[in-house]
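The values are calculated or read from the model by the stated rules, or taken from the named source; none is laboratory data. Values in this document were obtained by computation on a predicted structure and should not be read as measured data. For neighbour counting, all protein chains shown are included, and Cβ atoms are generated from backbone atoms with ideal geometry for every residue, glycine included. All accessible areas refer to the heavy atoms of the entire protein, side chains included, with ligands and DNA or RNA removed. Shrake-Rupley method; radii C 1.70, N 1.55, O 1.52, S 1.80 Å.
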Amino acid sequence: MEEVRSSTAWVSTHSSHVTVDFSGIEKVAETMKNTLPKVEWDFEGIHYFDNGPLTVQYLLVLDTLNFCFWPDEDLSYDHLASGLKATLESDKTAFDADRLQKYTGPQLRKMLNWPRPLPLEDERVRLLHEVGLELERSFGGKASKLVESCDKSAAKLVTLIASHFPGFRDHTVYKGHQIFLYKRAQIFAADLWGAFKGQGYGDFEDISSITIFADYIVPAVLQQLGVLRYSSSVASIIKKNTEITSGSDEEVELRACSVYAVEQMKDLISKKTGKQVLSVELDLWLWAFGIKCPSLQHHRTLSIYY
Ligand SMILES: Nc1nc2c(c(CN[C@H]3C=C[C@H](O)[C@@H]3O)cn2[C@@H]2O[C@H](COP(=O)(O)O)[C@@H](O)[C@H]2O)c(=O)[nH]1
């Protein structure tokens, strides 16, 4: 995860559209130092959990499809998590590797109980097939085997996922430099850790190495908190709901500066309280805060990564 940390820090020192405001970080850290935010994983009660390998399979499928809900204004992450849960509850073999390779768009819609095509539906289907095929080829069809081969290291898991599944390779080039974000790969590790409460398949000795998951909700929350400042052009693009191209300087800055800002915030809170705070915990708090504010405007990028 060092690559995520160092490359996002590089963006923050070269950015032109998004600025990290250290006085904003200081204010948030000050308000958090007495009551450290604690949001329970699955606070919504929408995820499948049976404390076993099927949960691992569910979480991998979930995070394979965990991106880009905003083009359909009625669709959200909740529909994905609960739709996949219902699917698995009615058919325990639904996410077997051979079946993942065969799903069609209309079948995926049916799983989510969604009446119309999903955003980037063809990509979603392609990514499901990719995961099914590679799980079968390298891990006996089981996501649990993939996790078991990581020796309790979240960083190893992220690297392994990125090396086996091209759809998880969330990196880009910014001003000539390669920038790593790994949003869906990291959130998979975090979901395991959260769901299994740091035990069994969620036991990672290096969970502190994970950064936040740069999506479209967290940057908006950070801006609202005064931690990120936008140029007038980015502010106006977001206000007007204009799309931001994937890989553009603006998009990379929004995501990378969010990661960097929360790393700074985490260090400051840890220093002020003398307790180790995890980026995963800050992420869940920020995200949960964001989805409770429907009026919060976020950037819109068509992307398979978040
Ligand atoms: N940074 C960050 N981004 C997250 C999540 C989650 C869900 N994590 C689960 C894990 C345990 C909890 O109980 C949560 O349920 C989804 N997202 C992202 O949000 C966006 C969807 O937004 P909307 O269109 O409004 O539904 C989309 O980019 C999606 O990828 C998170 O935790 N952190």
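Checking the stretch 32-55 against the condition returns no match, with no residue being more than 30 Å from N113 (Cα to Cα), in contact with a strand residue (DSSP E or B) (Cβ under 7 Å, 6 or more places away or on another chain) and part of a loop (DSSP other than H, G, I, E, B).
Could you give me the residue pairs with C-beta distances under 6 Å whose first residue belongs to the stretch 293-306 and is under 19 Å from R126 (Cα atoms), whose second residue is open to solvent by less than 80 Å² (accessible area, probe 1.4 Å) and of a type in the set (K, R) wherever it lies, and which are 6+ apart or on separate chains? Sorted first by the residue in the stretch 293-306, then by its partner, the pairs are Y305/K183; Y306/K183.
Just one residue in the set D267, D283 is farther than 28 Å from T245 by Cβ and among the acidic types (D, E); that residue is D267.
To keep it simple, each residue is scored yes or no on (1) among the aliphatic types (A, V, I, L, M); (2) within 13 Å of the ligand (Cβ to nearest atom).
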{"position": "F69", "(1), (2)": "no, yes"}
{"position": "L75", "(1), (2)": "yes, yes"}
{"position": "L84", "(1), (2)": "yes, yes"}
{"position": "Y103", "(1), (2)": "no, no"}
{"position": "E123", "(1), (2)": "no, no"}
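For the stretch 137-147, the condition holds for no residue, the condition being that it is touching a Cys at 6+ places or on another chain (Cβ under 9 Å), in a helix (DSSP H, G or I) and either within 16 Å of F67 (Cα to Cα) or open to solvent by 80 Å² or more (accessible area, probe 1.4 Å) (or both). Screening T31, T19 for residues that are open to solvent by 10 Å² or more (accessible area, probe 1.4 Å), more than 16 Å from the ligand (Cβ to nearest atom) and out of contact with any helix residue (DSSP H, G or I) (no Cβ under 9 Å at 6 or more places or on another chain) leaves exactly one candidate, T31. Scan the stretch 8-25 for residues that are farther than 11 Å from A261 by Cα and either charged (D, E, K, R) or part of a loop (DSSP other than H, G, I, E, B) (or both) and the total you get is 3.
Looking only at the stretch 154-185, filter to residues that are of a type outside the set (K, R), assigned to a loop (DSSP other than H, G, I, E, B) and open to solvent by 20 Å² or more (accessible area, probe 1.4 Å); which one of those is farthest from the ligand (Cβ to nearest atom)?
Only one residue tops the list, namely G176.
Every listed requirement among (1) among the aliphatic types (A, V, I, L, M); (2) within 13 Å of the ligand (Cβ to nearest atom); (3) part of a loop (DSSP other than H, G, I, E, B) is met by V277 save one, (2).
For the stretch 186-215: of the residues being of a type in the set (S, T, N, Q) and either more than 10 Å from the ligand (Cβ to nearest atom) or assigned to a loop (DSSP other than H, G, I, E, B) (or both), which is most open to solvent (accessible area, probe 1.4 Å)?
Checking each candidate, the answer is Q199.
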